[in-house]
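Presented below is the structure to which this report refers.
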Amino acid sequence: MQHTKSPAENSGTAAEQYNGFTAEERAAMKEHAQEQKKTAARRGSRAQKEAAAERDVLAKIAEMPEADRALAERIHAIVKAAAPDLTPKLWYGMPAYARDGKVICHFQSAQKFKSRYATLGFSDQAALDDGTMWPAAYALKELTAADEQRISTLVKKAVG
């Protein structure tokens, strides 16, 4: 009896067929799983856990290429000043700021997904609703004093 190839066998390898997540997206998901394990394994008071989470965020920022690092450092300082009650944490390998464990906003370096610009994103937990449509992410190439003020205002509004 002669073997007949199935349609899957005729159409190339599984890697060639799969059109799902990119390598960068898969890496971010693995990073998120590691972050969750690390967070779950932490012992100590809430203040100690939050301090450790902030150290993780600052270490991640320090690893970024210079242009992204400069933006991330400024965003970190702006968010901390505008909303000191938000807790820095890593979220899919990105610096994020949360309230009660829920991310309100995050910084994504351009290098993370090989994009031409970094972004400041806001989750659905952010109180930025304005009519029937509003931006949930902002492209960042550099920050002017006016941009920094706008971000501060957005973060304050996002936390309510």
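Observations
- Scanning region 113-125 for residues that are within 19 Å of residue 143 (Cβ to Cβ) and either touching a helix residue (DSSP H, G or I) at 6+ places or on another chain (Cβ under 8 Å) or part of a loop (DSSP other than H, G, I, E, B) (or both) yields 115, 116, 117, 118, 120, 122.
- Test: residue in region 126-147 that is surrounded by 11 or more Cβ atoms within 10 Å (Cβ to Cβ), within 14 Å of the chain's Cα centre (by Cα) and not in a strand (DSSP E or B): yes
- The residue that is nearest to residue 60 (Cα to Cα), counting only those in region 88-97 that are aromatic (Phe, Trp, Tyr) and not in a loop (DSSP other than H, G, I, E, B), is 91.
- Restricting 158, 62, 53 to those that are of a type in the set (A, V, I, L, M, F, W, C), out of contact with any strand residue (DSSP E or B) (no Cβ under 8 Å at 6 or more places or on another chain) and assigned to a helix (DSSP H, G or I) reduces the list to 62.
- If you go through region 79-107 and keep only what is charged (D, E, K, R) and buried (at least 18 other Cβ atoms within 10 Å of the Cβ), you end up with just 89.
- Residues located in region 104-141, provided they are of a type in the set (D, E, K, R) and over 21 Å from residue 57 (Cβ atoms): 114, 116, 124, 129, 130, 141
- Against the conditions (1) at pLDDT 95 or above; (2) of a type outside the set (Lys, Arg); (3) part of a helix (DSSP H, G or I); (4) under 17 Å from residue 104 (Cβ atoms), residue 85 satisfies every one except (3).
Residues are listed down the side, and each one gets a yes or a no for (1) free of Cβ contacts under 8 Å to residues at least 40 places away in the same chain; (2) over 21 Å from residue 36 (Cα atoms); (3) not β-branched (Val, Ile, Thr):
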position	(1), (2), (3)
88	yes, no, yes
109	no, no, yes
128	yes, yes, yes
132	yes, yes, no
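- Residue match in region 38-45 (condition: loosely packed, with under 13 Cβ neighbours inside 10 Å, on the phi > 0 side of the Ramachandran plot and either at pLDDT 95 or above or more than 14 Å from the chain's Cα centre (by Cα) (or both)): yes
- Test: residue 110 is buried (at least 21 other Cβ atoms within 10 Å of the Cβ) and assigned to a loop (DSSP other than H, G, I, E, B): no
- Hits in region 55-78 (condition: more than 14 Å from the chain's Cα centre (by Cα), surrounded by 14 or more Cβ atoms within 10 Å (Cβ to Cβ) and closer than 13 Å to residue 97 by Cβ): 78
- Close contacts from region 136-156, counting a first residue that is touching a residue at least 40 places away in the same chain (Cβ under 8 Å) and a second that is of a type in the set (D, E, K, R), with Cβ to Cβ under 7 Å and a gap of 6+ residues or different chains, come to 143/74; 148/74.
The values are calculated or read from the model by the stated rules, or taken from the named source; none is laboratory data. Treat the numbers as computed from the prediction; the structure is a model and nothing was measured. Cβ: placed from backbone, ideal geometry, glycine included. Neighbour counts: every protein chain shown.
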